[in-house]
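Here is the structure we will look at.
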Amino acid sequence: MNTTPDMLYWHEIDSAVGRLLLAGDGDSLIHVGFQSGPRPLRPQSGWVADPKPFRAAVRQLEEYFAGKRRRFDLRLAPRGTEFQRRVWRALTEIPYGQTLSYGELARSIEKPRASRAVGLANGANPLPIIVPCHRVIGADGSLTGFGGGLPIKRKLLALEGAGAQEAGPQRNFAWDAAPRPSAR
């Protein structure tokens with residue numbers, strides 16, 4: 001599908017954690033927004049409401065919430081800095097049903113002193129659930145901030161809870177090569 005940098009397609013769906021807004025360029029998923037969370041994503045001027053570009057994402061999210069999918073296989077184009085994209089890629093390496101601390105995530109990208117910067121990048125993740133930022137917890141095992149709110153983070157971690165380790169990391173994503181400017 002053909003879009004300009006500021007034009008995206010969008011579609012809302014109901015899920016086990018509330019309403020989600022999906023946004024993308026017609027080929028890749030760019031945003032997932034928790035509409036009942038503290039910072040709902042609102043379609044911008046020029047965005048086009050159309051469910052067709054999101055068929056695969058909707059199907060895979062439904063399978064995930066039904067407990068039938070542990071890895072996503074979607075084309076993604078998150079918009080962010082090179083560092084943020086590096087952190088987001090590392091998030092996809094956290095296996096279903098497992099958690100890492102911010103410090104462990106920083107070490108995994110070979111930036112052991114960057115746990116705060118990793119935390120900021122994690123918090124800026126535009127593709128929660130798909131890029132599983134909910135799997136990052138405090139060093140003491142406590143649940144820490146989450147864009148959709150801690151109740152949603154608890155639900156996602158509970159969904160992934162038992163016997164989840166055999167799924168392994170999510171390596172099936174097709175990432176766009178170059179970062180794009182943020183959507184306004």
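The values are calculated or read from the model by the stated rules, or taken from the named source; none is laboratory data. Because the structure is predicted, anything quoted here is derived from the model rather than measured. Virtual Cβ from ideal backbone geometry, glycine too; neighbours counted across all protein chains shown.
Side notes on the structure shown:
- Total residues in region 58-68, condition among the aliphatic types (A, V, I, L, M) and either in a loop (DSSP other than H, G, I, E, B) or buried (at least 19 other Cβ atoms within 10 Å of the Cβ) (or both): 2
For (1) closer than 17 Å to residue 31 by Cβ; (2) in a helix (DSSP H, G or I); (3) hydroxyl-bearing (Ser, Thr, Tyr), each residue gets a yes or a no:
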residue: 70; (1), (2), (3): no, no, no
residue: 73; (1), (2), (3): no, no, no
residue: 90; (1), (2), (3): no, yes, no
residue: 134; (1), (2), (3): yes, yes, no
residue: 142; (1), (2), (3): no, no, yes
residue: 147; (1), (2), (3): yes, no, no
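- Verdict on residue 141 being at pLDDT below 90, in contact with a Pro (Cβ under 7 Å, 6 or more places away or on another chain) and not hydroxyl-bearing (Ser, Thr, Tyr): no
Residue-by-condition table, conditions (1) modelled with pLDDT of 95 or more; (2) within 26 Å of residue 35 (Cα to Cα); (3) surrounded by fewer than 17 Cβ atoms within 10 Å (Cβ to Cβ):
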| residue | (1), (2), (3) |
| --- | --- |
| 88 | yes, yes, no |
| 101 | no, no, no |
| 105 | yes, no, no |
| 126 | yes, yes, no |
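- Screening residue 81 with (1) within 30 Å of residue 109 (Cα to Cα); (2) surrounded by fewer than 14 Cβ atoms within 10 Å (Cβ to Cβ); (3) without any contact (Cβ under 8 Å) to a residue 12 or more places away in the chain gives one miss only, at (3).
- Whichever residue in region 26-50 is touching an Asp or Glu at 6+ places or on another chain (Cβ under 7 Å) and surrounded by 14 or more Cβ atoms within 10 Å (Cβ to Cβ) and, among such residues, is modelled with the lowest pLDDT: 35
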